[in-house]
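Colleague: Sharing a structure with you now.
The values are calculated or read from the model by the stated rules, or taken from the named source; none is laboratory data. As the structure is a prediction and not an experimental result, all values here were calculated from the model. Cβ coordinates were reconstructed from backbone atoms using ideal geometry, including for glycine residues, and neighbour counts include every protein chain displayed.
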Amino acid sequence: MTYTEHIKQLCEDNGIHIEWTDKYIGEWPLAGALPKVPAVQIHEPTNDFLYMVALHEIGHVMTDTKSDRQLEREARAWDWAVDNVKVDITPETWQKAFTALSSYVARMIKRDLKGQAAFVPSNDHWFWSVYVLLAQFAFPVVDIVPRQARENIYGVLASRV
């Protein structure tokens, strides 16, 4: 099964409308999800990176909960993508996935360090398990436990703010 066939099948099986796009924001493909519709806007997955982005956006539809905060929604969508991937993914693509989730983490921690309203999960929150899972796929030599992830990234960002 090709990337595209898998994505189409997932969407068909779950009643999700696909809007194909070819737009980018810098090097990142423009993509999105509308869980209430349900619909996704994705690139045709011609490589493993676009395939993972498509799975992530479908993950937003499949894991939509009204109570989740943005970091939780992003983590749930990446966790769903990891659970539903059907091919080997290159380390470079895992690194991009980790970078994408990390950008949300960095944004929230920077807001928190500046005293602005922000949700940063506690050390024992399930979010950090997903964060570390992506880190381990992206950087297999990294040995870190979820409880340490929050402390480590806070330390790095606190020195920059």
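Colleague: Scan the stretch 27-73 residue by residue and report those that are closer than 21 Å to H6 by Cβ, more than 11 Å from the chain's Cα centre (by Cα) and of a type in the set (G, A, S).
Modeller: Correct list: A31, G32, A33, A39.
Colleague: Condition first: outside any helix (DSSP H, G or I), touching a residue at least 24 places away in the same chain (Cβ under 8 Å), more than 20 Å from H125 (Cβ to Cβ) and hydroxyl-bearing (S, T, Y). Can you find one or more residues in the stretch 76-94 that meet it?
Modeller: Checked against the condition, which is being outside any helix (DSSP H, G or I), touching a residue at least 24 places away in the same chain (Cβ under 8 Å), more than 20 Å from H125 (Cβ to Cβ) and hydroxyl-bearing (S, T, Y), the stretch 76-94 yields at least one hit.
Colleague: Separate question: Could you tell me whether P121 is of a type outside the set (D, E, K, R), at pLDDT below 95 and outside any helix (DSSP H, G or I)?
Modeller: Yes: the conditions hold for P121.
Colleague: State which residue is surrounded by the most Cβ atoms within 10 Å (Cβ to Cβ) when the search covers only the stretch 10-32 and only residues that are part of a loop (DSSP other than H, G, I, E, B) and out of contact with any helix residue (DSSP H, G or I) (no Cβ under 8 Å at 6 or more places or on another chain).
Modeller: The residue in question is T21.
Colleague: Any idea which of (1) out of contact with any strand residue (DSSP E or B) (no Cβ under 7 Å at 6 or more places or on another chain); (2) crowded, with 20+ Cβ neighbours inside 10 Å is the one H6 doesn't satisfy?
Modeller: (2)
Colleague: Need the failing condition index for R73 against (1) outside any loop (DSSP other than H, G, I, E, B); (2) more than 20 Å from S103 (Cα to Cα), just the number.
Modeller: So the condition that R73 fails would be (2).
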